[in-house]
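Colleague: Could you have a look at this structure, given as structure tokens, before my questions?
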Amino acid sequence: MTGAIWNLLLALAWVVLSGDFTGLNLTVGLVFGYITLVLIEPQVEALQGYPARIPRILGFLGFFIKELLMANLKVGFDILTPPWHMKPGVIAMPLDARTELEITMVANLISLTPGTLSLDVSDDRKVLYIHAMFLDDEEELRRNLKEMEYRALELFR
Amino acid sequence: MIEFIKGVFILSGALFMLLAALGILRLPDLLTRMHATTKAAALGVILIMLAVALHFGEVDVVARALAIIVFILMTAPVAAHVIGRAGYFVGSKLWSGTVKDELRPNYDPLTHELKSGMETEANARREPKESDPS
Amino acid sequence: MEIVILISQVLMALALILAFVRVVRGPSLPDRVVALELFASIVVGLVGLTAIQSDVSSFLDAAIVIALMGFLAAIGFARFLERGGPRDD
């Protein structure tokens with residue numbers, strides 16, 4: 001968290017000093033600030049782990065956007081062609097996420113990928129009930145969901 | 001070049017919204033309809049807001065467009081979750097082609113208790129406590 | 001560019017009509033709520049298009065407010081539907 005604030009402050013300083021108030025220049029400032037933080041990480045205790053987190057977040061974003069587009073096209077194809085190919089159903093997924101924040105994030109991510117919709121969490125917070133649209137290959141679906149949960153949890157821990 | 005990318009974003013956003021509307025009209029039951037609407041419509045709004053950000057290209061407008069995108073990404077799944085859960089527990093029918101439902105047997109409509117199905121004998125046993133009324 | 005915006009507006013108006021059919025026909029209340037939420041999303045998109053078309057960025061504020069209202073309406077309807085249950089969340 002400290003790292004993110006410092007990165008933003010450095011970017012703002014860059015924008016103010018160069019006197020060019022555009023989004024592009026702010027991005028340039030963010031990149032330079034990040035490089036600076038990477039360079040001084042060994043010296044400063046509070047920055048530990050921040051530089052490694054950014055590539056992970058970017059990788060996760062890429063993975064997520066890919067999933068979003070692919071699955072949206074799949075659902076779209078099924079909507080547009082007359083016979084139904086879908087096999088909807090409600091499945092229970094055991095959760096590795098423990099705290100409320102982690103469960104919220106995982107449930108939101110699962111809701112955002114088309115083809116899956118998180119319905120409810122059991123009272124003891126151990127199982128997430130998911131409505132899935134394509135249950136042709138349940139094992140495959142469960143593996144995909146687990147991978148998504150694993151990648152999301154990686155960002156927090 | 002920017003004009004072209006903008007046009008592609010706008011057109012695909014509108015197409016995704018049309019897809020969501022077609023889905024809400026054609027799909028057979030509440031939960032499958034929610035699949036079509038929330039994600040396709042959210043993706044459509046995101047694409048159009050990206051086009052808006054590209055069109056104006058000033059810091060304040062880009063920040064506002066990004067704020068809308070983040071807002072949509074945070075609220076769309078929450079709204080889908082609350083409506084889906086309310087609809088399911090209120091008792092909307094599932095489509096006849098639904099292959100399995102692992103939630104129904106674990107739900108108690110009287111007490112609104114939702115079990116995980118992972119309770120074992122050890123978890124369910126209850127130890128007497130100091131605070132219990134005698 | 002003008003033509004692209006015009007085509008998109010036509011497509012989204014069509015989407016509004018289709019969603020409206022579901023609002024009228026929808027067999028149960030949750031169906032109608034879902035359709036109305038879709039309405040809000042499409043209107044946000046239309047407002048964004050209007051901002052591009054007229055080159056006035058202030059329209060985005062209206063888009064933010066509409067998105068917020070749609071979300072709050074969905075939450076409110078869900079609470080209304082689930083009334084009576086002793087859930088603590």
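The values are calculated or read from the model by the stated rules, or taken from the named source; none is laboratory data. Given the structure is predicted, the values throughout are model-derived calculations rather than measurements. Ligands, DNA and RNA are stripped out before the accessible areas are found, and what is left, the full protein with its side chains, is counted by its heavy atoms. Shrake-Rupley method; radii C 1.70, N 1.55, O 1.52, S 1.80 Å.
Colleague: Considering only protein heavy atoms and a 1.4 Å probe, what is the carbon-and-sulfur percentage of the accessible area of segment A:50-156?
Modeller: Looking at segment A:50-156 in its full context, I get 65 percent from C and S.
Colleague: What's the center-to-center distance, using Cα atoms, between segment A:1-29 and segment A:81-112 in Å?
Modeller: Computed from Cα coordinates, the inter-centre distance equals 37 Å.
Colleague: For Cα pairs less than 8 Å apart in space and 6+ apart in sequence, what is the mean separation divided by the residue count of chain C, i.e. the relative contact order in percent?
Modeller: Relative contact order here is 24 percent.
Colleague: State in Å² the accessible area per residue of the protein assembly as shown; use a 1.4 Å probe, count heavy atoms of protein chains only, and round to the nearest integer.
Modeller: Accessible area per residue: 51 Å².
Colleague: Pull up all non-local amide H partners of A:Leu135: gap of 5 or more, or a different chain, and H-to-H distance under 5 Å with H placed in the peptide plane.
Modeller: A:Lys87
Colleague: Which whole-number percent gives the relative contact order of segment B:2-96, counting Cα pairs below 8 Å spaced six or more residues apart?
Modeller: 33 percent
Colleague: Another one. Distance check, please: which entries in A:Lys66/B:Lys100; B:Lys6/B:Lys39; A:Lys74/B:Lys39; A:Lys87/B:Lys115 exceed 19 angstrom between their Cα atoms?
Modeller: Those over the limit are A:Lys66/B:Lys100; B:Lys6/B:Lys39; A:Lys87/B:Lys115.
Colleague: Counting only C-alpha contacts under 8 Å and six or more residues apart, can you give the relative contact order of segment A:2-47 as a whole percent?
Modeller: The normalised contact order for segment A:2-47 reaches 47 percent.
Colleague: Rounded, prolate or oblate: which one fits segment A:2-47, using the alpha carbon gyration tensor with axes a ≥ b ≥ c (rounded when a/c is under 1.5, else prolate when a/b beats b/c, else oblate)?
Modeller: Judged from the Cα gyration tensor, segment A:2-47 comes out prolate (a/c at least 1.5, a/b above b/c).
Colleague: If you take the alpha carbon radius of gyration of segment A:1-146 and divide it by 2.2 N^0.38 Å, what ratio comes out, to two decimals?
Modeller: 1.44
Colleague: So what's Rg/Rh here for the protein assembly as shown, counting alpha carbon atoms and using the Kirkwood radius for Rh?
Modeller: Expressed as Rg/Rh, it is 1.01.
Colleague: Whole Å is fine, so just give me how far the alpha carbon centre of segment A:121-157 lies from that of segment C:12-89.
Modeller: 28 Å
Colleague: How much accessible area is lost when chains C and B come together, counting both sides, with a 1.4 Å probe, in Å² rounded to the nearest 100?
Modeller: Approximately 4100 Å², summed over both chains.
Colleague: By the gyration tensor of its Cα atoms, with a ≥ b ≥ c the square roots of the eigenvalues, what is the shape of segment C:2-81: rounded for a/c under 1.5, prolate for a/b over b/c, or oblate?
Modeller: Oblate.
Colleague: Which value, in square angstrom to the nearest 100, describes the accessible area buried between chains B and A on both sides, using a 1.4 angstrom probe?
Modeller: Chains B and A together bury roughly 3600 Å² of accessible area.
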